[in-house]
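Asks: Before I ask anything, let me first share the structure, which is written out below as C-alpha cells.
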Amino acid sequence: MTECIVKTIDLGAPVLRVWRALTDPAEFGQWFRVKLDGPFKTGTVSTGMMTYPGCEHLPWRAVIECMDHEQILSFRWHDFDESSGVDISEQPMTLVEFRLEPTTDGTRLTIVESGFDAIPEPRRLEVLRGNTQGWDIQANNIATHVTSSS
C-alpha cells in the first residue's frame, strides 16, 4: 500500500490569491524557498535551485502534471539523494497535489504527496518523515505569504 502525506490548512485569503501564490514562479519561489528557471506549464519540466538556508546547493526538478485553474496544481518531483551519485533526473519521483476549495473565510488548501513506494526501501521512511515535516513548514509559509502580501 502506498504511503501518503495529507496536510489541510484553512487560509484567510481568497482562492485566486492562493492560486497565484502556487502558480506564479516568483511567488512560489518566495514562500517555498526555490528559485525557478521559468513558469509552471502543464507537461513541462520545471527546474531551479533551492534557496532554503543550508539547501542552496540542491536542485529543484519537477514535471508539471496538472494546472486546473483555481482548483488543482500537481507535479511529480524527484527525491534527490545526494549521496547516491545519480543525476536528479534519474531519481525516483513522488506526486504532489495542491487542491483548493473556497470556504466562507477564504480557502481550504489540501496538500497531498503520494507515491513513496517508488523510493527505495532503505530511504523510504526517512523521506516520508522528512517530507511530512517539510509540508508542515510549507503550509505555514504559504499561510503567512497569502495573508501578509497581496
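The values are calculated or read from the model by the stated rules, or taken from the named source; none is laboratory data. The shown structure was predicted, so the numbers you read here are calculated from the model rather than taken from an experiment. Note: ideal-geometry Cβ built from the backbone for every residue, glycine included; neighbour counts use all protein chains shown. Each accessible area value is taken on the protein alone, full model and side chains, heavy atoms only, with ligands, DNA and RNA left out. Shrake-Rupley method; radii C 1.70, N 1.55, O 1.52, S 1.80 Å.
Asks: Note down all Cβ pairs under 7 Å where the first residue falls in the stretch 80-95 and is within 19 Å of ASN131 (Cβ to Cβ) and outside any loop (DSSP other than H, G, I, E, B), the second is at pLDDT 85 or above and among the hydroxyl-bearing types (Ser, Thr, Tyr), and they're at least six residues apart or on different chains.
Replies: Pairs found: THR94/SER114; LEU95/SER74; LEU95/SER114.
Asks: Scanning for something within 23 Å of GLY43 (Cβ to Cβ), open to solvent by 70 Å² or more (accessible area, probe 1.4 Å), at pLDDT 95 or above and in contact with a Ser or Thr (Cβ under 6 Å, 6 or more places away or on another chain), does the stretch 94-113 turn up at least one residue?
Replies: yes
Asks: Consider ARG124 against the criteria (1) among the basic types (Lys, Arg); (2) out of contact with any helix residue (DSSP H, G or I) (no Cβ under 6 Å at 6 or more places or on another chain); (3) under 12 Å from ASP79 (Cβ atoms): it satisfies all of them except one. Which criterion is unmet?
Replies: Every condition holds for ARG124 apart from (2).
Asks: In addition: Based on what the data block shows, is PHE75 surrounded by 14 or more Cβ atoms within 10 Å (Cβ to Cβ), of a type outside the set (Val, Ile, Thr) and at pLDDT 95 or above? Give the steps one after another, and end with the answer.
Replies: Details: surrounded by 14 or more Cβ atoms within 10 Å (Cβ to Cβ): yes; of a type outside the set (Val, Ile, Thr): yes; at pLDDT 95 or above: yes.
Criteria met by PHE75.
Asks: May I ask you to say which residue of LYS35, LYS7 is of a type in the set (Lys, Arg) and touching a residue at least 40 places away in the same chain (Cβ under 8 Å)?
Replies: On the way: LYS35 fails: touching a residue at least 40 places away in the same chain (Cβ under 8 Å).
Checking each option against the conditions leaves just LYS7.
Asks: What is the residue count in the stretch 96-150 for residues that are part of a helix (DSSP H, G or I) and of a type in the set (Asp, Glu)? Before the answer, list the steps.
Replies: Narrowing the stretch 96-150 to residues part of a helix (DSSP H, G or I): 116-118, 121-148.
Adding the requirement that they be of a type in the set (Asp, Glu) leaves 117, 121, 126, 136.
Selection size over the stretch 96-150: 4.
Asks: So is GLU56 of a type in the set (Asp, Glu) and surrounded by 14 or more Cβ atoms within 10 Å (Cβ to Cβ) or not? Lay out the reasoning, then the answer.
Replies: Numbers: of a type in the set (Asp, Glu): yes; surrounded by 14 or more Cβ atoms within 10 Å (Cβ to Cβ): no.
The answer is no for GLU56.
Asks: Let me ask you something else. Check GLY106, GLY134 and return the single one that is touching a Gly at 6+ places or on another chain (Cβ under 8 Å) and under 21 Å from VAL18 (Cβ atoms).
Replies: Details: GLY134 fails: touching a Gly at 6+ places or on another chain (Cβ under 8 Å).
Result of the check over GLY106, GLY134: GLY106.
Asks: Tell me which residues, restricted to the stretch 16-47, are out of contact with any Lys or Arg (no Cβ under 7 Å at 6 or more places or on another chain), open to solvent by less than 50 Å² (accessible area, probe 1.4 Å) and assigned to a helix (DSSP H, G or I).
Replies: ARG17, VAL18, TRP19, ALA21, LEU22, THR23, PRO25, PHE28, TRP31, PHE32
Asks: Residue by residue through the stretch 47-95, note down the ones that are small (Gly, Ala, Ser) and over 27 Å from GLU121 (Cα atoms). Break it down into steps so the answer makes sense when it comes.
Replies: Filtering the stretch 47-95 down to residues small (Gly, Ala, Ser) leaves 48, 54, 62, 74, 83-85, 89.
Matches in the stretch 47-95: GLY48 only.
Asks: Continuing with this model, one more query. If a residue has to be acidic (Asp, Glu) and modelled with pLDDT under 95 to count, how many in the stretch 10-56 make the cut? Explain how you work it out, then say what you get.
Replies: Pass one, the stretch 10-56, residues acidic (Asp, Glu): 10, 24, 27, 37, 56.
Now drop any that are not modelled with pLDDT under 95, which leaves 56.
Count: 1.
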